[in-house]
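Reviewing the structure listed below.
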There are 2 protein chains.
Amino acid sequence: MKLQVYTEPPLSVAEQVLREAFSKKRFVTMLCRCSVVYEGRSATILGEGDRLVIVKPDGAVLVHRPRGYSPVNWQPDSQVLEARLDEQDVLVVRSVRAKPREVLEARISRVYLITIAEGMEDHAEFQELMDEAEIRDVLASHPDLIEPGLRVVRVEKRMGRSGYADIYAVDSEGRHVIIEVKRVTAGREAVEQLKRYVDTWRRENPGAPVRGILAAPSITEPAARLLREYGLEFKRIDLKQVRSIASRERRASKQPSLLSFVGRRGEGAQ
Amino acid sequence: MKLQVYTEPPLSVAEQVLREAFSKKRFVTMLCRCSVVYEGRSATILGEGDRLVIVKPDGAVLVHRPRGYSPVNWQPDSQVLEARLDEQDVLVVRSVRAKPREVLEARISRVYLITIAEGMEDHAEFQELMDEAEIRDVLASHPDLIEPGLRVVRVEKRMGRSGYADIYAVDSEGRHVIIEVKRVTAGREAVEQLKRYVDTWRRENPGAPVRGILAAPSITEPAARLLREYGLEFKRIDLKQVRSIASRERRASKQPSLLSFVGRRGEGAQ
DNA sequence: GCCTACATGTCGACA
DNA sequence: TGTCGACGTGTAGGC
């Protein structure tokens, strides 16, 4: 990786440096004093202050204030990147995104530092464990975790136009069961989602008995109330248990090497 | 703002620099080669590659890959920040968040650049224009945009436990009208939200006629179908019109200076 | 390209 | 603190 560093460059120098960096699609970070104007789906104005501005090779732009996780302004990607000196000796960095049409402008009055990185190498795989799909798969292959005697018919079953039911099964008494899985506390929205699937199923299978089960580590009180109102059911999922099954089955089937990383420290979220 | 820049520091130097920066709550950016392990609400593993690591004074941590808007790993805030040299001469940066308990570890094999910023000054106001609240207020003060003869009774009316209806009004025939406002294309979720409010209202006012109107710039086909099914209505909102009214009224009432920024360039979304 | 649902979503407001 | 809803949500996946 090659790196260029410019400390306190005059704005005219910064302008040239940024232009070249943008055209050559470098990875740019800039500590500067700037104000920001954005207009697109919404519109925002941010007064002057010290910020970190990041411009990535793919045109992603991030403006970070000294605090917080979220960028105050950004562009997920941009097609046009410009740097120019304004009439009043302000360095204007302008980023335009085509669809939706969005414009972001940082008006920079002072540059503390610019770094230009060329040839950042990053081809590593990103592995996510315990996302909803994995929980769903564990439950599908161990339906007893939900209810004894449950027989899984299908995972990710399309429910007409309503979307996909996570698990579609038949219970010990032959009733159809639609199961919606959530990896976090289920709120009202999860209940509505399950309700939609059950309604769709009922419409397409008039008269046939069907149950709806919301499977999640927990549920909010209002959501539980709504669930009862709709005649649906809740099944608490023990994430620890699911985790241990998932990691065991991953160990048995997939890349055992990577997994050794996990579980070495920390005992997981409570 | 005071700035320290370290180019290609040995890991032992980087360790000391980071420790001091963390303890003194500096704003840190680091270009480095690292792998990342995260465990908390979920768990992830990221192999080695060149990344930008940001640590903010409040403990926010961001790890950015060369592409894309989203950080690949992060910590919205953290209570514990450590830097230490591992047995195998790897610089480990560990960030622990208390609630929920989440741990992020970057294992750094090489440091290209560290910058430590002290005293970043950023007290500027962030102004958002045309968020849902502003659209709602414009519609509330100009109900004719929704329907002639509409009389607004209340804005942000609490609907039992269901949440808040954006606008609560009475139409020209004396029927109650519940209006849900959306800033963007309304999907199924918006329809269900409105339905919930209308249902709640009906339960608390049995027999009284009530209408539900979804006011949005557009609506997805499935959502429109669902809306009809529920006996609710859709009213298309002309964002341009709302925008011009909002900016006119802002100009008349509030800070006219800031507003001069907006509208100078760009003609709005798409 | 539309639509749906997930996300370590984050964040703010309010009961 | 719990719960809810907005967000310029971003992002992946299906059709």
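The values are calculated or read from the model by the stated rules, or taken from the named source; none is laboratory data. In this text, all values refer to a predicted model and were calculated from it rather than measured experimentally. No Cβ is skipped: glycine too gets one built from the backbone with ideal geometry, and neighbour counts run over all protein chains shown.
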Query raised in the report: Can you name every residue in the stretch A:109-139 that is part of a loop (DSSP other than H, G, I, E, B) and either under 30 Å from A:Arg183 (Cβ atoms) or acidic (Asp, Glu) (or both)?
Result: A:Glu121, A:Asp122, A:His123, A:Ala124, A:Glu125, A:Met130, A:Asp131
Report task. Determine, yes or no, whether B:Ala83 is over 24 Å from A:Tyr6 (Cβ atoms), assigned by TED's automatic domain parsing to the domain that holds B:Ile114 and within 23 Å of the chain's Cα centre (by Cα). Result -> no
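Looking at the stretch A:151-177, which of its residues are hydroxyl-bearing (Ser, Thr, Tyr) and within 16 Å of DNA strand C (Cβ to nearest atom)? I'd like the intermediate steps shown before the answer.
Narrowing the stretch A:151-177 to residues hydroxyl-bearing (Ser, Thr, Tyr): A:162, A:164, A:168, A:172.
Those that are hydroxyl-bearing (Ser, Thr, Tyr) and within 16 Å of DNA strand C (Cβ to nearest atom): A:Ser162, A:Tyr164, A:Tyr168.
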Query raised in the report: Among the residues of the stretch B:145-155, is any within 16 Å of DNA strand D (Cβ to nearest atom), more than 14 Å from every other protein chain (Cβ to nearest Cβ), in a strand (DSSP E or B) and crowded, with 17+ Cβ neighbours inside 10 Å?
Result: yes
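Under the condition of being more than 10 Å from chain B (Cβ to nearest Cβ) and part of a helix (DSSP H, G or I), which residue from the stretch A:207-225 is farthest from B:Arg225 (Cα to Cα)?
Residues of the stretch A:207-225 that are more than 10 Å from chain B (Cβ to nearest Cβ), as a first pass: A:207-220, A:223-224.
Add one more test, that the residue is part of a helix (DSSP H, G or I), and what stays is A:223-224.
Values: A:Ala223: 25, A:Ala224: 28 Å.
The residue in question is A:Ala224.
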Query raised in the report: In the set A:Leu239, A:Leu214, which member is in the same structural domain as A:Arg136 (by TED's automatic domain parsing) and within 14 Å of DNA strand D (Cβ to nearest atom)?
Result: A:Leu214
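Any idea which of B:Asp89, B:Asp77 is under 17 Å from B:Val111 (Cβ atoms) and assigned by TED's automatic domain parsing to the domain that holds B:Ser109?
Working: B:Asp77 fails: under 17 Å from B:Val111 (Cβ atoms).
Among B:Asp89, B:Asp77, only B:Asp89 is under 17 Å from B:Val111 (Cβ atoms) and assigned by TED's automatic domain parsing to the domain that holds B:Ser109.
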Query raised in the report: Any idea which residue in the stretch A:111-136 is farthest from A:Arg250 (Cα to Cα), counting only those that are more than 9 Å from chain B (Cβ to nearest Cβ) and over 27 Å from the mean Cα position of the chain (by Cα)?
Result: A:Val111
Requested in this report: For the stretch B:57-106, name all the residues that are in contact with a Lys or Arg (Cβ under 6 Å, 6 or more places away or on another chain) and either among the polar types (S, T, N, Q) or away from DNA strand D (no atom under 16 Å from the Cβ) (or both).
Outcome: B:Pro57, B:Asp58, B:Gln75, B:Ser78, B:Glu82, B:Ala83, B:Val90, B:Val92, B:Glu105
**Report entry** Residue count for the stretch A:182-201, restricted to those that are within 16 Å of DNA strand D (Cβ to nearest atom) and away from chain B (no Cβ under 14 Å)
**Finding:** 1
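Given the options A:Ala165, A:Ala190, name the one that is part of a strand (DSSP E or B) and touching a residue at least 24 places away in the same chain (Cβ under 8 Å).
On the way: A:Ala190 fails: part of a strand (DSSP E or B).
Sole residue among the options that is part of a strand (DSSP E or B) and touching a residue at least 24 places away in the same chain (Cβ under 8 Å): A:Ala165.
Being crowded, with 22+ Cβ neighbours inside 10 Å and of a type outside the set (Lys, Arg) narrows it down to one residue among A:Ile167, A:Ile116; which is it?
On the way: A:Ile116 fails: crowded, with 22+ Cβ neighbours inside 10 Å.
That would be A:Ile167, the only listed residue that is crowded, with 22+ Cβ neighbours inside 10 Å and of a type outside the set (Lys, Arg).
Go through the residues of the stretch B:101-113 one by one and say whether even a single one is away from DNA strand C (no atom under 13 Å from the Cβ), within 30 Å of B:Gln88 (Cα to Cα) and among the basic types (Lys, Arg). Show your work before the answer.
First pass over the stretch B:101-113, keeping only residues away from DNA strand C (no atom under 13 Å from the Cβ): B:107-113.
Of the ones still in play, those that are also within 30 Å of B:Gln88 (Cα to Cα) are B:107-113.
Add one more test, that the residue is among the basic types (Lys, Arg), and what stays is B:107, B:110.
Yes: one or more hits.
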Query raised in the report: Within the stretch B:1-108, which strands (runs of 3 or more DSSP E) (wholly inside it) include 1 or more residues that are of a type in the set (Val, Ile, Thr) and within 13 Å of chain A (Cβ to nearest Cβ)?
Result: B:2-7, B:27-39, B:43-55, B:61-64, B:80-85, B:91-97
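Any idea how many residues of the stretch B:170-194 are among the polar types (S, T, N, Q) and surrounded by 15 or more Cβ atoms within 10 Å (Cβ to Cβ)?
We begin by selecting, within the stretch B:170-194, every residue among the polar types (S, T, N, Q); these are B:172, B:185, B:193.
Filter again for surrounded by 15 or more Cβ atoms within 10 Å (Cβ to Cβ), leaving B:193.
Here the count works out to 1.
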Query raised in the report: Among the residues of the stretch B:186-203, is there at least one that is modelled with pLDDT of 95 or more and away from DNA strand C (no atom under 16 Å from the Cβ)?
Result: no
Query raised in the report: Among (1) out of contact with any helix residue (DSSP H, G or I) (no Cβ under 6 Å at 6 or more places or on another chain); (2) within 14 Å of chain B (Cβ to nearest Cβ), which single condition is A:Glu204 missing?
Result: (2)
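Among the residues of the stretch A:41-56, count how many are of a type in the set (Gly, Ala, Ser) and under 17 Å from A:Ser70 (Cβ atoms).
We begin by selecting, within the stretch A:41-56, every residue of a type in the set (Gly, Ala, Ser); these are A:42-43, A:47, A:49.
So of that shortlist, the ones also under 17 Å from A:Ser70 (Cβ atoms) come out as A:42, A:49.
Summing the residues that are of a type in the set (Gly, Ala, Ser) and under 17 Å from A:Ser70 (Cβ atoms) in the stretch A:41-56 gives 2.
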Query raised in the report: Are there any pairs, at least 6 apart or on different chains, whose C-beta atoms fall under 6 Å, with the first in the stretch B:211-240 and free of Cβ contacts under 8 Å to residues at least 60 places away in the same chain and surrounded by 14 or more Cβ atoms within 10 Å (Cβ to Cβ) and the second part of a strand (DSSP E or B) and among the small types (Gly, Ala, Ser), and if so, which?
Result: B:Leu214/B:Ala186; B:Ala216/B:Ala186; B:Ile219/B:Ala186; B:Ala223/B:Ala186; B:Leu232/B:Gly212
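Being of a type in the set (Asp, Glu) and in contact (Cβ under 8 Å) with a residue 40 or more places away in the chain is the requirement here; does A:Glu121 meet it? Don't jump to the end; show me each part of the working.
Details: of a type in the set (Asp, Glu): yes; in contact (Cβ under 8 Å) with a residue 40 or more places away in the chain: yes.
Against the criterion (of a type in the set (Asp, Glu) and in contact (Cβ under 8 Å) with a residue 40 or more places away in the chain), A:Glu121 qualifies.
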